[in-house]
Amino acid sequence: MELFSQNLEQAQPLAARMRPRNLDEFIGQEHILGAGRLLRRAIQADQLSSIIFYGPPGSGKTTLARVIANTTKSSFKTLNAVLAGVKDLREAIDEAKSEKEYRSRRTILFVDEVHRWNKSQQDALLPWVENGTFILIGATTQNPYFEVNSALVSRSRIFQLTRLSAEDLEAVAAAALADKERGYGKYSVEFEPGALGHLVAVASGDARSLLNALELAIETTPDHFPPPEHELIRISMKAAEESIQQRAVLYDKEGDYHFDTISAFIKSIRGSDPDAALYWLARMVAAGEEPRFIFRRMLILASEDIGMADPRALIFTEAAAAAFDRVGLPEGRYFLANAVLYLATAPKSNSVMGFFDALEKVTAEQQEEVPAHLKDANRDKKGFGHGEGYLYPHAYKDHWVSQQYLPAGLAGSVFYAPSGQGYERSIRTEVARKQEITLQAGFESEAREIYTWSPENRNLERWIARAVEGKSRTLTTIRDRLFAASNPLRHYRVLVRGQGCLYLALEALRHCPEGGVWFLPAREREAEQAVLFNTGLQETEKLNIISEPGDLESGIRFETILGRNLFAGGFPDEGGLARLYGKLSAGGVMALAETIPSQGQRLSGLVPGRLEQNGPGSAPGNALMEKFIKAEDTLYADKAIPALSLQAGDIRELLSRAGFEIDEPQFLEISEDRLLTDRNIQSWFDTDNPQSYGSLLKKTAEPAVFEEIENLVKRSLSGTLVPWKVCIAFFTGRKPQA
């Protein structure tokens, strides 16, 4: 029986024999199956939820499902949507119910080409996915958001597989040539220079196509296959070319390739790239796309993306479309190409989008009355005064006069903002001037409502709200800058560490749901909050919370590292930075935000301004202020206190020494409103705490002077709202590609 099974296996095509049996044999799709990534962790832990694999033919969707079947302890059932109907689904449901009831086993149902089932067939599957009878694994070459029941999609995680790279295909070929049981490892196979590369290139990311071509080339080259032992099988370029034909242009007029290609075409024209625009046009024409559809999209683009920058674009495109209708194919392709070149090289402006701003105003707000002077005077001038006060532009110089054309509630609204491109550049200044004059005229004529309030004790709440708002702005700015600098993709693995970084870790989790986020909190409270956040989440969705850097798995490398105030405690251990560098993958990015205390707010800078407001004779003597400033200068320059003296240049040098390629730091100065309370000031001057501001300042000032400074700060700043300057340096570091 075993011999019979082996003979059957050998009779299978090479592509079927070489299907990976486990994750270690699987080649490609590193973005979803790399070490530490979500899908790999879920498969290894046998904790799959319903998923849909979406990708082109030959990218490994079915293969990956078989790997899961070999890995899971659950019952595994396969259906092909092309062949199976509702009857087969009912049988699978009955089997799954039996497995659950009598063996307490889950059932994973793999539905290949799931998009081939119609809506009613997909609906029949939904209740059993919902109640847990099945864990669904669907595979489709079509966009699941359009072709799969939205209810199924909403209950599944989508993983997009991409075409295999040339390196991946070479690895697939190498595995087939080396495998003695399933491939051609027991034969001597040699390729003429360029022959294997041709197979890889024409396979165009499709592993099945490559293996089929490889099988055909190897088994048809010798006179008889298998050849005599030790005979060399030499694959010539001609044999390679005959074994794999040029692939047809992949294009479905109703599917993703149609929409993706026209999208690339339009975006290339919008981006003023005539070469790319002609290429995508050629792709569509070669695939038999309807030229009238292409012209229709170009007519839309002529108004949407060029508009008033070149008003002739619409006329030219319409003329080309009319010429095509008159001439037809094949000569009509000249008109297509000519229109594409005109649009791609024309100046661009989307100022016409102002119409949609106006439309939003109309639909979102209560419609106001037409101003009386703009109403029709022919009917109601005598009774209601309609049209009274209207200024006839042609009666004025340059045929224009300033008057309000918008309803009173919208006075001053601007919907059209001319760009600085093409024709619009010539009218921009004139339009802007008229808008400004009309705006000013509206201000002068409208009734101004005066708002008043009492500046008594209620200001305290207002101050606190402003301080909270200022801090929120600072945190938002830091977050936006760090993510803009690192630009993590959905499948990236991210390490977040430093002070006050939990909100960065949670943001990273939203950015990278298919990769993963590892969080090393600096404070116990943040660690507790992170644990609380994880409560109730599935294992594959949680933050990976670590207590020490050594807790990280040795094999995991991160595409992105985010940090905030890593250097807040001063100069870190250089070995720690080197280890951090070692955890970054080749080509990975580290983005840091570091507060620079020596360039931020100093108390001596707040006192004079405060006391000058208190009236004559209240300001401190020049001598005391000079001593105060000198003491702070000494404090912030003391290298023995790196937490205060650390400069951006010091940080950059440390990171460079650790191996990072560091850009010049970018600085951001933020002024936050801060309410200084007695409690704040008391904690600053708590000399029982050796790390407090007062304890450190006391070392740089004489005892009597220190006492005067403390009394001065308490007397002048307690209970006041001050503009507190914060200086933040942003660092972007990279690990060179291997």
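Accessible surface ranking for Lys375, Lys97, Lys61, 1.4 angstrom probe, highest first: Lys97, Lys375, Lys61. Note: relative contact order over segment 126-202, using C-alpha pairs below 8 Å and six or more positions apart, is 17 percent. As a size descriptor, the averaged projected area of the C-alpha convex hull of segment 118-233 was calculated at 10.3 nm².
Estimated at the nearest 10 Å², the accessible area of Lys630 is 140 Å² with a 1.4 Å probe. Projected over every direction and averaged, the convex hull enclosing the alpha-carbon atoms of segment 647-708 yields 7.1 nm².
Accessible surface for Leu532 stands near 130 Å², nearest 10, in the context of the full protein assembly shown (1.4 Å probe). Overall, the accessible surface of segment 650-691 at a probe of 1.4 angstrom is composed of carbon and sulfur to the extent of 39 percent. Accessible area ranking (1.4 Å probe, heavy atoms, ligands and nucleic acids excluded), largest first, for Asp24, Asp663, Asp310: Asp24, Asp663, Asp310.
Rolling a 1.4 Å probe over the protein heavy atoms gives segment 474-563 an accessible area of 47 Å² per residue.
For segment 22-165, the dipole from Cβ point charges (+1 on Lys and Arg, -1 on Asp and Glu) about the Cα centre works out to 240 debye, to the nearest 20. Each 5 Å bin, from zero up to the one with the longest distance, holds this percent of the alpha carbon pairs of segment 208-359: 2, 9, 15, 14, 13, 9, 7, 6, 6, 6, 5, 4, 3, 2, 1, 0, 0. Using the Stokes-Einstein relation with a Kirkwood hydrodynamic radius computed over Cα pairs, the translational diffusion coefficient of segment 489-611 at 20 °C and a viscosity of 1.002 mPa s comes to 135 µm²/s. Sorting Lys100, Lys348 by solvent-accessible area of protein heavy atoms yields Lys100, Lys348, largest first, with a 1.4 Å probe. The per residue volume of the convex hull around the alpha-carbon atoms of segment 473-526 is 71 Å³. Quick one: grab the alpha carbon gyration tensor of segment 29-90, order the square roots of its eigenvalues as a ≥ b ≥ c, and give me rounded if a/c is under 1.5, else prolate or oblate depending on whether a/b is larger than b/c. Cα axes put segment 29-90 in the oblate bin. Taking all protein chains as shown and a probe of 1.4 angstrom, Glu170 keeps an accessible surface of around 90 Å².
Principal axis extents of the Cα atoms in segment 50-164, from largest to smallest and rounded to whole angstrom, are 42, 31, 25.
The values are calculated or read from the model by the stated rules, or taken from the named source; none is laboratory data. Everything numeric in this text was worked out from a predicted model, so none of it was measured. Please note: Cβ atoms are built from the backbone with ideal geometry, for glycine as well, and neighbour counts cover all protein chains shown. Areas reflect the complete protein model, heavy atoms only, side chains present, ligands, DNA and RNA absent. Shrake-Rupley method; radii C 1.70, N 1.55, O 1.52, S 1.80 Å.
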